[in-house]
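Note sheet for the following structure.
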Amino acid sequence: MLRKSESSKDKETKNFSEFSQLADLSLMNCLNADPQSTNDGNDHKPRPVYSGHYVPVIPTPIPEPKYIAHSSKLFEELGLSADLTKDKKFCSFFSGDIKVADSPISPFGWATGYALSIYGTEYIQQCPFGTGDGYGDGRAISVFEGLFNGKRMEMQLKGGGPTPYSRGADGRAVLRSSVREFLAQELMYALGIPTSRSLTLYVSGTEIVRRPWYTKGSKYFEPDIMVDNHAAITTRVAPSFLRVGQLELFARRVRSNSHNNVLNELKIIVQHLIDRNYKKDIDPSKSFNEKVIKLAYLYRKRFISLVANWMRVGYCQGNFNSDNCAAGGFTLDYGPFGFCELFDPRFQPWTGGGEHFSFFNQPFAAEVNFKMFCKSLRPLLVKNKEDIEKLEQIKNDFSKLMEKEMQLMWTKKLGLEKYEEALINELFNLMVTSKVDFTIFFRKLSHIPENISLLKDSFYLALNEDLVKKWNIWLTKWHDCIKKNGDLKEISKSMKQVNPKFTWREWMIVPAYEEAEEGNYSIIKELQTIFNNPYEEQSLEIEQTYDRLKPSQFFNNGGISHYSCSS
């Protein structure tokens, strides 16, 4: 008789033919294609898209694709055998050549349009047509949607070539940004933060694309040279890739009455969002208005939790526009993101982000994006004053609930029983003054030290006598609070479950993608292993290499401390 592990192994999807049979295209079946799109997906030149929920597009395969990595955890969850990474058709498909696929896989992929809002201000300036009808998936093409053990997932190629939304660009992603996105999704999932996932990573052996970047050791704010990079494709996976910006696009069209079917298009995409991301939580027997109200309530809850968790681990989204907000309530679009090392509430890795998208301002940026979400739903309720008032109340309560969630998060990070405002604000001031590493400090604090000496490895500068005295006073106050909570060993254990040991440090990611450009993927694989267990103690060698302060030579370096994009 087979053991359970062997039995489940037998059920794994082992070849591309079996994988193909998992296809189930709800988006194409439920939503409307752009009526001006082609029938064959040969639609790669920039053009305005006036209606429809998606444009059929055939991806452009990267030539001579080479396998770099896959997510073994995601493969296991989806019931996929690692043997698939050696299947030629599977590799061709996820490096952009979808012509290898047969029915029920679609012969073309799909790209979607969305609107752009930056901190609550609606923009059309980046649209080459000056109307907002040319903004959307410029290099992201979904190619597969299917059921995996009853769980619906969509798979999207990042760097799959041009679409009508590419605004004249090549639709490619460079190896640098592809490595960053692949590894970041792996880490965020292991940190317990809702996120799109990594499936596979391929690089072209011959296609080179030029992008602006930084010379080694550059202190410039913006890129100072053009760099040749290998083109790459990473496949990201999520229950759907519906964004707040997509709902916003259709709501704007409703306001301008751009065509006869525009209100219905908004209604269809909102219903599809409910079906794809909230099916278990929204009763299908309810009226549509009731579903919309419940959707706003549920998204608010997920979004607040997501942002509080970003803060917990030091993550800064960087480009936190509405089009980068997944309407399903998870992290999406790993472009100019970063993780706070030297603690600074104003930390912002993206040179275009400004203070409004800085580390500690993320709860406020989230509130602005949530307001755009509610604004997009409002036209669906316009004939019912009572429902509009309910939606307004859900929107207006965001700030209060966000603050409550943030207080709970800081309480857990510090092992407290209740939020101690004065103690926590005093801690933030000391952390800034003392030049503290965010992750190392909270992990060492999780050991419940009684004096400052056990925290010394988390400081970037030697402390003077006055600071040492202030720290010891703070530690005494903190100890007095947590001793009331029970067993210190249990408190320490709980703190270690929310304060990771290992984190993303840009200066240790750089060698991974630089070596990959030369065909060496060993650092990527090592980081994958480390990132799969960020809360666990690992070997002394790993600790000495990856759990340490940012070396002084990397401060203020372009491409490490800050970057315009990672393209």
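Results, tabulated for the structure shown:
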read-out: Theoretical FRET efficiency, 1/(1+(r/R0)^6), r = Cβ-Cβ of ASP102 and PHE364, R0 51 Å, to 0.05; value: 0.55
read-out: Burial ordering of ARG252, ARG47, fewest other beta-carbon atoms within 10 Å first; value: ARG47, ARG252
read-out: Karplus 3J(HN,Hα) series, Hz, for region 426-431 with 6.51 cos²θ - 1.76 cosθ + 1.60 (x for Gly, Pro); value: 5, 4, 4, 4, 5, 4
read-out: Qualifying lysines (Cα of each under 19 Å from Cα of LYS301; at least 8 residues distant if same chain); value: LYS279, LYS280, LYS291, LYS371, LYS375, LYS390, LYS395, LYS400, LYS404, LYS412
read-out: Centroid-to-centroid separation of region 377-402 and region 45-65 [C-alpha atoms, Å]; value: 35
read-out: Computed lengthening from ASP487 to ASN396, 0.36 nm per intervening residue step minus Cα-Cα distance; value: 28.8 nm
read-out: Electrostatic dipole magnitude of region 246-396 [Cβ: Lys, Arg +1; Asp, Glu -1; Cα centre; debye, to 20]; value: 540
read-out: Percent antiparallel among DSSP beta bridges (both partners in the chain, rounded to 5); value: 90
read-out: Amide hydrogen neighbours beyond the local backbone of GLY134, cut-off 5 Å, H modeled; value: VAL49, PHE129
read-out: Sequence-distant residues sharing a close amide H with SER240 (under 5 Å, placed H); value: GLU154
read-out: Hits among aspartates and glutamates - C-alpha to C-alpha of LYS286 under 17 Å, sequence gap 8 or more where chains match; value: ASP275, GLU386, ASP387
read-out: Percent RCO, i.e. relative contact order, over the chain, from Cα pairs under 8 Å lying at least 6 residues apart; value: 14
read-out: Taking region 4-245 and dividing mean pair separation by its residue count, relative contact order in percent (alpha carbons under 8 Å, at least six apart); value: 22
read-out: In sequence order, calculated HN-Hα J values of region 303-313 (Karplus, 6.51, -1.76, 1.60; Hz; x Gly/Pro); value: 5, 4, 4, 4, 5, 4, 6, 4, 5, 4, 9
read-out: Exposure proxy ranking, count of Cβ atoms within 10 Å, fewest first, for THR529, THR38; value: THR529, THR38
read-out: Candidate values (i) 73, 64, 60; (ii) 119, 65, 52; (iii) 93, 50, 45, label of the one derived for Cα extents along the principal axes in Å; value: (i)
read-out: Distant-in-sequence amide H partners of LEU80 (H built 1.01 Å from N, under 5 Å); value: THR13
read-out: Entries in LYS435/LYS484; LYS158/LYS267; LYS469/LYS489; LYS444/LYS470; LYS73/LYS294 that, when Cα-Cα distance is taken, lie over 23 Å; value: LYS435/LYS484; LYS158/LYS267; LYS469/LYS489; LYS73/LYS294
read-out: In Hz, Karplus ³J(HN,Hα) per residue of region 317-331 (6.51, -1.76, 1.60; θ = phi - 60°; x = Gly, Pro); value: 5, x, 9, 9, 7, 5, 6, 9, 9, 5, 5, x, x, 10, 6
read-out: Residues HIS259, HIS562, sorted so that the one with the fewest Cβ neighbours within 10 Å comes first; value: HIS259, HIS562
read-out: Cβ-based net charge around PHE370, under 10 Å, with every Lys or Arg adding one and every Asp or Glu removing one; value: +3
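FYI, it's all coordinate maths here, none of it is from the lab. Worth saying up front: this structure is predicted, and the values here are computed from it rather than measured. Reconstructed Cβ throughout: ideal geometry from the backbone, glycine too, with neighbour counts over all protein chains shown.
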